[in-house]
1. From (1) more than 10 Å from every other protein chain (Cβ to nearest Cβ); (2) in contact with a Ser or Thr (Cβ under 8 Å, 6 or more places away or on another chain); (3) over 30 Å from B:Ser54 (Cα atoms), pick out the condition that doesn't hold for B:Gly142.
2. Take the residues in region B:103-117 that are open to solvent by 10 Å² or more (accessible area, probe 1.4 Å) and under 33 Å from the mean Cα position of the chain (by Cα); name whichever of them is nearest to the other protein chains (Cβ to nearest Cβ).
3. Which one is nearest to the other protein chains (Cβ to nearest Cβ), of the residues in region A:181-224 that are of a type in the set (Phe, Trp, Tyr) and open to solvent by 10 Å² or more (accessible area, probe 1.4 Å)?
4. Please state which of the following conditions A:Arg227 fails to meet, knowing it meets all the rest: (1) open to solvent by 20 Å² or more (accessible area, probe 1.4 Å); (2) of a type outside the set (Phe, Trp, Tyr); (3) farther than 30 Å from B:Val93 by Cβ; (4) within 14 Å of chain B (Cβ to nearest Cβ).
5. In region A:232-254, which residue that is open to solvent by less than 10 Å² (accessible area, probe 1.4 Å) and within 12 Å of another protein chain (Cβ to nearest Cβ) is nearest to A:Val117 (Cα to Cα)?
6. Is at least one residue of region B:84-98 surrounded by fewer than 18 Cβ atoms within 10 Å (Cβ to Cβ), more than 14 Å from chain A (Cβ to nearest Cβ) and outside any loop (DSSP other than H, G, I, E, B)?
7. Collect the residues in region A:503-548 that are assigned to a loop (DSSP other than H, G, I, E, B) and closer than 16 Å to A:Ala471 by Cα, keeping them in residue-number order.
8. So if I check each of B:Ser136, B:Ser152, B:Ser179, which one is assigned by the TED database to the domain that holds B:Glu44, open to solvent by 40 Å² or more (accessible area, probe 1.4 Å), more than 19 Å from B:Gly115 (Cα to Cα) and hydroxyl-bearing (Ser, Thr, Tyr)?
Amino acid sequence: MVAAGRERVNARRWSERLAVPTAFVLTVAILALVFYYPVLSVLREAVVRAGSLTAAPLVDVLGDPFYTGVAHYLFTAPLSIPAGVLDWIRAGFPSVEFGLFGFTAFQAFLSTLASVVVGLPGAYLLARFEFRGRRTLRSLTILPFVLPSIMVAVGFLAMFGQNGLLNDVLGALGLGQVNLLFTLEIIVLAHAFYNAPLVTRLVTTAWEGVDARRVETARALGAGPFRAFRDIVVPQLLPALLTAALLTFVFTFLSFPIVLALGGLRLATVEVWLYARVQDLELAEAATLGTIETVLSLALTYLYLRYEARQTTASGGTTLPRRALAVGWKTLRDPVRIGLAVYGVGILVLFVGPLVSMVVESVTGPNGLTSAYYEFLLDQQATTAAGTTKPLPAIANSLAFGVGTLALAVPMGIVVSVMATRGGTGSRLAETLMSAPLAVSGVVVGLGLLQTLVFGTTVAGYRFTAGGALAIVVAHAVAAYPFVTRNVTPALAGIDSQLVDSARSLGASRFRTLLDVELPLVWTAVLAGGAFAFAISIGEFDTTVLLAEGVESYTMPVALERYIGNRSLGPSLGPATAMGTVLLLVTAASFLVIERLGGRWEP
Amino acid sequence: MGAVSDTIPDRDRTTADAGVALDDITVDFGGVTALEDVSLSVDEGEFFTLVGPSGCGKTTTLRAIAGFEEPAAGEVHIDGRRVTDLAPERRDVGVVFQHYALFPHMTVRENVAYGLRFRDPPGNVTDDERVDELLSLVDMAGMGEREPEQLSGGQQQRIALARALAPGPDVLLLDEPLSALDARLRERLRVTIREIQQELGITTIYVTHDQSEALAISDRVAVVSGGRIEQVAPPETVYREPRSRFVAEFVGENNLLDGEVTESAPPRTTVDGTPITLPESATVDTGDPVALCVRPEVLSLGESEMVSNATTLTATVEHREFLGDAYRVHCSWNDRSLLVKTDSREPPEGTVTLTVAASDIHLLSDSGR
């Protein structure tokens with residue numbers, strides 16, 4: 001009897017010991033199938049012609065002045081460059097074109113600059129002042145990151161566009177009109193909406209990590225307040241600031257829906273042009289463009305990872321004390337506090353303005369309040385015409401894909417977290433696996449998926465195809481699981497290892513310990529990660545827009561983008577704002593539900 | 001009531017010639033009083049220690065001297081200068097914190113040289129020579145190009161000490177500098193700190209919660225409790241003649257016995273009905289309540305005819321702990337527990353006789369219970 005009992009325990013132990021490695025292998029397999037394989041097939045397309053390696057497509061693109069501007073000489077006539085530079089100097093430095101890549105980098109640079117300018121005062125406010133709602137505000141800095149970007153684009157149109165709220169207000173005040181639509185300014189502003197909070201969050205964390213004792217030591221050694229700030233605080237903030245700037249540059253270099261909706265093809269970036277090439281079925285040229293773009297962003301991401309790894313975290317320190325933000329009547333006499341108040345108003349306009357404008361525009365027409373745009377949505381639902389984008393299937397699809405993404409991304413994220421916290425080869429592999437999807441644009445992944453799984457692929461004589469819906473869910477999961485991992489890994493790493501050791505010595509296997517001790521302790525982090533995964537899926541546009549092409553699997557963001565182009569109700573954005581409001585409601589509701597369940601937004 | 005005099009009279013100190021003087025300092029933290037009317041006078045070149053449990057106000061006192069806390073009332077003087085309203089950078093103090101607070105983005109050399117950006121080094125030396133001088137002083141010569149994170153905790157603390165001393169401050173302030181280190185290293189480094197302090201003759205104020213460290217290192221000790229100073233005296237005096245119940249129990253171990261004086265000449269008391277002979281020097285009146293401090297090491301096991309004027313108590317051994325060089329014996333006597341510290345011979349079990357000489361008993365001047 002006793003022996004048989006032991007047998008059972010041992011048999012269970014074997015399966016339990018294999019559970020985590022098996023799940024990890026499955027995760028890697030999914031990544032390989034829906035990320036690495038499609039992306040590599042895009043790269044392959046760019047360098048293989050008729051079965052042999054060739055650099056011709058790459059040289060074609062790089063040598064085309066449309067893409068690279070004056071830099072095309074590097075690839076077409078490198079020897080003529082010195083003479084060309086001399087000519088340029090003799091001609092008195094006339095303006096120089098850098099082509100599509102140059103413009104993409106230029107707008108990314110401006111966007112990064114704007115994000116830093118908007119984000120830094122926020123870090124100062126959050127790190128050095130105490131006020132009601134500070135913690136909430138700090139948590140909210142994560143929110144823009146998960147808002148559907150196409151919805152934000154509609155919000156910006158509603159706020160800053162020709163018939164937007166800003167012009168309505170300016171008109172009412174008799175101050176004339178501004179038109180920011182299809183300008184670089186509105187793109188840069190929208191990018192700041194996404195990335196300034198990132199700057200704020202990273203710099204705030206670094207600022208809170210500054211040891212007050214170090215600053216005091218500098219003061220005791222003779223440094224004045226400003227000098228101590230320059231010598232001690234700034235060097236600790238700079239790495240965080242550079243990290244945030246580098247990430248912002250990568251994100252805005254790859255930015256797609258914002259530029260597509262706010263700039264159109266007139267202000268196209270590489271990513272938008274790439275999407276246009278795919279729509280024109282110029283897949284080979286698209287693959288080449290995608291390859292160059294991916295190489296550039298991978299290089300930047302590598303730089304970022306190298307830099308991030310070198311950063312040391314402060315330990316055993318005392319956080320700098322926070323001052324009260326409001327100090328009665330004296331608040332109005334302090335220039336710093338007045339400056340922060342002005343900054344607060346600006347933040348309100350930039351962050352709350354677009355969302356409020358979208359909702360307001362969705363219920364107001366040229367003649368005041370109207371429900372015409374929502375009625376339009378219902379009409380679309382009722383129509384039987386083929387090719388109509390109906391709102392209800394979009395909502396149903398989005399929710400279904402969201403749930404599917406949750407089911408896939410949460411286990412994937414947990415497994416990667418477990419591997420990452422266990423140390424050794426697995427942890428380094430897990431880190432690498434996690435970082436790669438960050439550096440590859442959604443359009444490239446979507447293109448790769450189209451060419452491989454959706455159009456079908458032949459493995460060992462069998463032909464596999466994956467339908468639009470399945471491909472979309474798996475692609476969403478691959479985009480979303482890093483957010484689960486980002487939440488769960490620090491929580492797992494924070495668990496006292498003695499708890500795990502105690503469970504092990506009491507007889508629990510490593511896997512049982514994970515189920516019985518570790519996961520119950522980090523469930524809020526898992527929930528928060530789940531909230532992110534769901535939000536990412538609901539808002540995902542870049543990949544979905546390609547995979548939903550022609551298939552009845554369009555989601556809310558895709559429907560939204562189609563309505564932007566639909567001006568059947570006049571020049572206003574009406575239908576798009578109505579759809580955007582619906583998307584906002586669904587996104588907000590899903591966050592509310594998960595917050596009620598105890599999740600937190602803080603990564 | 002008359003009590004045994006327990007302090008040597010305070011030397012005549014004036015603010016003008018003290019190394020550091022605090023006059024009636026009060027510090028509030030949002031309505032909570034952290035320090036109340038604290039006055040201190042530290043001699044030039046003195047090694048002065050503030051000791052007390054955590055939260056007692058000792059670190060706040062140090063921070064008020066350095067200028068990191070602004071007192072609600074009172075004055076701070078350094079070397080006769082009034083510095084109460086001066087910013088920290090204008091006070092000429094060197095500070096060393098528990099967690100070293102080395103600047104992580106600077107090398108060891110840059111850390112030590114940092115204060116020389118604002119002040120000339122003392123003596124006719126260049127900045128580089130001064131840094132080398134300090135690195136040798138803390139036994140870290142040749143380590144200047146290291147990064148702080150490459151150093152052990154003890155090494156980091158030596159560098160923090162060198163950095164604080166480099167500009168030649170008037171006062172050295174040390175806030176629990178050894179508390180993050182392990183026991184053996186702590187003992188070694190405290191000898192180093194004391195030697196360096198003596199070599200430089202610098203006025204030093206040291207904060208610690210470790211009473212044995214305070215006794216070992218200091219010229220004088222201030223015992224702090226609840227934002228007030230309980231006693232200021234040389235270590236021997238604090239140990240042998242604690243002024244208050246708090247000091248008697250916080251510094252070292254003590255058996256505290258409350259009794260009533262039954263005779264004044266020769267002085268005697270009874271505790272739980274047992275007569276105990278008091279030191280002849282005690283000036284007490286019959287009927288006075290008294291608090292007796294009997295250190296564990298002045299109680300000896302067994303009867304001793306050698307000791308005159310002794311009291312013997314019959315007690316039961318409850319538990320014995322071997323410490324290597326001694327035994328700690330927990331006895332019970334009249335339902336009280338008495339702690340006895342003996343030499344390394346194994347103490348008996350069962351019923352024992354404890355002997356204490358009258359001259360080894362200390363009476364608290366403040367018998368307040």
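1. Among (1) more than 10 Å from every other protein chain (Cβ to nearest Cβ); (2) in contact with a Ser or Thr (Cβ under 8 Å, 6 or more places away or on another chain); (3) over 30 Å from B:Ser54 (Cα atoms), B:Gly142 violates only (2).
2. The residue in question is B:Pro104.
3. To start, the set of residues in region A:181-224 that are of a type in the set (Phe, Trp, Tyr) comprises A:182, A:193-194, A:207.
Add one more test, that the residue is open to solvent by 10 Å² or more (accessible area, probe 1.4 Å), and what stays is A:182, A:194, A:207.
Details: A:Phe182: 45, A:Tyr194: 30, A:Trp207: 15 Å.
Selected residue: A:Trp207.
4. (3)
5. A:Val233
6. Checking region B:84-98: not a single residue is surrounded by fewer than 18 Cβ atoms within 10 Å (Cβ to Cβ), more than 14 Å from chain A (Cβ to nearest Cβ) and outside any loop (DSSP other than H, G, I, E, B).
7. If we filter region A:503-548 for residues that are assigned to a loop (DSSP other than H, G, I, E, B), which is where we start, we get A:506-509, A:522, A:540-541, A:548.
Listed by number, the residues that qualify are A:Glu540, A:Phe541, A:Ala548.
8. Details: B:Ser136 fails: more than 19 Å from B:Gly115 (Cα to Cα); B:Ser179 fails: open to solvent by 40 Å² or more (accessible area, probe 1.4 Å).
On inspection, the qualifying residue turns out to be B:Ser152.
The values are calculated or read from the model by the stated rules, or taken from the named source; none is laboratory data. Remember, predicted model here, so these are calculated numbers, not experimental data. We place every Cβ from the backbone using ideal geometry, glycine too, and count neighbours over all the protein chains shown. Surface areas here come from the heavy atoms of the whole protein model, side chains and all, with no ligands, DNA or RNA. Shrake-Rupley method; radii C 1.70, N 1.55, O 1.52, S 1.80 Å.
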